[in-house]
Every structure is written in structure tokens, then in C-alpha cells.
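Below is one structure, written out as C-alpha cells; the observations come after it.
The values are calculated or read from the model by the stated rules, or taken from the named source; none is laboratory data. Source: prediction; values computed, not measured. In this analysis, Cβ positions are derived from the backbone assuming ideal geometry, glycine residues included, and neighbour counts consider all displayed protein chains.
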Amino acid sequence: MDGPRKAGFGVPDGSRSETTTARFCDLIVRFVAMILTLAAAVVIGVDKQTKTVPLQLADALPPLHVPVTARWHYLSAFVYFVVANGIACSYAAFSLVLSALNKGKSRGFIRSAIIVMDILTVALLFSGFGAAAAVGAIGRQGNSHLNWNKICNVFGRFCGQGAASLLLSLLGATSFLALSVLSALRLQRGFK
């Protein structure tokens, strides 16, 4: 317990181990965010299922069995979701390299830009999650007021894979949120 402590934090003020630990945590959380958003984009990007469904044209005729395919890119909300996760993954990789090369030398523009971009990435990921989750809810439950039938009872694997991708993206967004909170705490310590 060497060095003065800041009230409420219990961490030595300005010590080398504090900055090394904070930097290491930042790099680990960035790496986890990159992997999660990449996995979310890939899991939904390969999401496709074909089923043969009966189609009744008239009551007097027997039903036709038609193959129907569900793909992620048929829904614009899923396209937005994939693009948002792709952007977040690319940014995480870029900021991971930038943070690793920076080594805490610059406290100015680069650090501020990374904080702002982390916050924008949180917003992007949560908006993509919200759009995809809304479409997923309609696919799972349908909407009787608009006469939209549920599809998850037919395309179960497609919906399950979409739900897994949503969970991965939510964890990725939470990782970026944690990065933003960690940055805010570091900034708060710097102002005291």
C-alpha cells in the first residue's frame, strides 16, 4: 500500500502499476468487444434456413408444398444490425492497435477521440440491437392487429441463430459501455 490514495477509489494515485493495470484492462476489454461484435456479425451473416411449407391457394385444391428460405438480408433491420456490428468490430480493432501503440504517452487528442468514438459505438450497437430485436419479436410472436404471422414456429433454427447473434452483440455493446465508464473514471481521477 505504497503511495497516497484518492478518496473512494482505493488505488494508488498516479503509480506506474495503476496506469499499467488500467491500460491492460482497456486492451483486454477492447479485444473482447472486437471478438463479440465479430462473432455477432458472422453468426447472423451465415443465418439461413429453407423449409417446405404448405400453401393453400383455394379450399377445393390440395395444398402446394413450396420451399421457402429465410435469410438475414431479407430484413433491413438485420442488415443494419450486421453493418453496425461490422463497424464496431473494425473500430475495436483499430482502437486496439492505436491504444497498444500509444502506451499512455498522449493524453490529448487521441485519448479524447477514442473516448468519443467508444460512446458513439455504444449508441450504434444499441440502436442496431434494438432494430433487430424488434423484428425478432415480431417474428417470434407475430402481430395479430396487422395480420402478421409468426415465423419462428416454422424457421426455428433461423430464429435461434438470430437470438444468439443478438446476445453476442448485446455483450459487445456492454463491453464498449464498460470502456466508456472506465474512461470516465480515469478522466475523473485526472481532474481531482
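Listed values, structure above:
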{"item": "Odd one out for Ala41 among (1) touching a Ser or Thr at 6+ places or on another chain (Cβ under 6 Å); (2) modelled with pLDDT of 85 or more", "result": "(1)"}
{"item": "Qualifying position, being within 29 Å of Leu171 (Cα to Cα), surrounded by 11 or more Cβ atoms within 10 Å (Cβ to Cβ), at pLDDT 95 or above and not small (Gly, Ala, Ser), among Leu27, Leu36", "result": "Leu36"}
{"item": "Residue, nearest to Ala113 (Cα to Cα), within region 156-179, restricted to residues that are at pLDDT below 95 and surrounded by 19 or more Cβ atoms within 10 Å (Cβ to Cβ)", "result": "Leu179"}
{"item": "Some residue of region 169-185 being among the hydroxyl-bearing types (Ser, Thr, Tyr), free of Cβ contacts under 8 Å to residues at least 60 places away in the same chain and either in contact with a strand residue (DSSP E or B) (Cβ under 6 Å, 6 or more places away or on another chain) or closer than 29 Å to Asp26 by Cβ (or both)", "result": "yes"}
{"item": "Some residue of region 169-189 being under 18 Å from Val79 (Cα atoms), out of contact with any Ser or Thr (no Cβ under 7 Å at 6 or more places or on another chain) and among the polar types (S, T, N, Q)", "result": "no"}
{"item": "Scan of region 16-51 for residues that are within 25 Å of Cys159 (Cβ to Cβ) and in a helix (DSSP H, G or I), ordered by number", "result": "Ile35, Leu36, Thr37, Leu38, Ala39, Ala40, Ala41, Val42, Val43, Ile44, Gly45"}
{"item": "Qualifying positions in region 52-76 - outside any loop (DSSP other than H, G, I, E, B) and surrounded by 16 or more Cβ atoms within 10 Å (Cβ to Cβ)", "result": "Ala70, Trp72"}
